[in-house]
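A short worksheet on the structure shown next.
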Amino acid sequence: MSTTEEHVVKILSIQPVTHNVRSYRFEKPAGYRFHPGQATEVSINKDGWREEKRPFTFTSLNEWPHLEFTIKSYSDHKGVTNELSTLKPGDELIIRDVWGAIAYKGEGYFIAGGAGITPFIAILRQLKKDNKVGSNQLYFSNKTVSDIILHDELDSILGGNAHYIVTEGGDSRYKKTYINKEFLLAEIKDFKKPFYICGPDKMISDISKILTELGADPNSVVFEK
Ligand SMILES: Cc1cc2nc3c(=O)[nH]c(=O)nc-3n(C[C@H](O)[C@H](O)[C@H](O)COP(=O)(O)OP(=O)(O)OC[C@H]3O[C@@H](n4cnc5c(N)ncnc54)[C@H](O)[C@@H]3O)c2cc1C
């Protein structure tokens, strides 16, 4: 990962997405482009925060006039995401070179946990725009229904191929389970298709191990240690 570029960009708007997730739209530097699924190192342009760089994934499309991040804030410690939750339009971020996190390689299975949905938001928005959503399947796991990021939009892109799993809470419309071997064997029709996995460390390592045993070759990104 190189960090030769640095751009100071002004936040244009901030919208709530869930109780702890916000979308941040901000200025796009001239000629700045990325592939859906790519990320950059971000810091806040304020004293004490400029060197605190954290990776975030673009959820906008290249043809939009602005850039967008969709960010989950952790308020239990005073890190960058907590500080991001205090920002207002007009405040500034510093963004850097784009780098590959996860890339689309064809129709298959997306498995996301929490904020791990963000690279898939970019990829799915692009597929929808290109009329290429096809029979891609999404399995999106969260603690509760209120944690599901962009539920309506994911439904509108994927229809019945968006599957939600919650690990806590009793809403019977949602599968209450963990994504384990039994679940994958019941749900997955073709283990030779591409698998894209993104989420917390433990979820990725557990699911990748099972998928590899079942003959798959998963493409994964760890979002939280
Ligand atoms: C390639 C990539 C792309 C990403 N894209 C996105 C994205 O688009 N949207 C998004 O929301 N996230 C994304 N993430 C995750 C995001 O980078 C992290 O949530 C962020 O770096 C956390 O920064 P922080 O300063 O708030 O937490 P840090 O202080 O850096 O802590 C990192 C993690 O350690 C744990 N932790 C550390 N200290 C404490 C503490 N005192 N109490 C409790 N927990 C603690 C937390 O689990 C936390 O997530 C991405 C990660 C990667 C690797």
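The values are calculated or read from the model by the stated rules, or taken from the named source; none is laboratory data. Bear in mind the structure is a predicted one, so any value in this text is a computation, not a measurement. Neighbour counts run over all protein chains shown; Cβ positions are idealised from the backbone, glycine included.
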If you go through S141, S146, the only one that is under 23 Å from S208 (Cα atoms), small (G, A, S) and in contact (Cβ under 8 Å) with a residue 40 or more places away in the chain is S141
Selection within segment 119-159 - part of a helix (DSSP H, G or I) and of a type in the set (K, R): R125, K128, K129
Inside segment 89-109, the number of residues satisfying the requirement of being part of a strand (DSSP E or B), within 15 Å of the ligand (Cβ to nearest atom) and either more than 22 Å from E27 (Cβ to Cβ) or not basic (K, R) (or both) is 6
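Conditions (1) more than 9 Å from the ligand (Cβ to nearest atom); (2) closer than 25 Å to E5 by Cα; (3) not assigned by TED's automatic domain parsing to the domain that holds D47; (4) not small (G, A, S), marked per residue:
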residue	(1), (2), (3), (4)
N62	yes, yes, no, yes
L87	yes, yes, no, yes
G116	no, no, yes, no
I123	yes, yes, yes, yes
L127	yes, no, yes, yes
V145	yes, no, yes, yes
D155	yes, no, yes, yes
L158	yes, no, yes, yes
Just checking, which of A115, A103 is aliphatic (A, V, I, L, M), surrounded by fewer than 21 Cβ atoms within 10 Å (Cβ to Cβ) and farther than 17 Å from K175 by Cα? A103
Only residues in segment 155-178 that are over 16 Å from S135 (Cβ atoms) count as the first member; pair them with residues that are part of a strand (DSSP E or B) and among the polar types (S, T, N, Q), Cβ under 7 angstrom, at least 6 apart or cross-chain, and list the lot. I165/S141; V166/N142; T167/S141
Being of a type in the set (K, R) and under 26 Å from L124 (Cβ atoms) is the filter; apply it to segment 1-48 and report the residue that is surrounded by the fewest Cβ atoms within 10 Å (Cβ to Cβ). R33
Among the residues of segment 1-28, what is the count of those that are over 18 Å from the mean Cα position of the chain (by Cα) and either in contact (Cβ under 8 Å) with a residue 60 or more places away in the chain or not in a loop (DSSP other than H, G, I, E, B) (or both)? 14
Go through segment 39-58 and give me each residue that's more than 7 Å from the ligand (Cβ to nearest atom) and among the β-branched types (V, I, T). T40, V42, I44
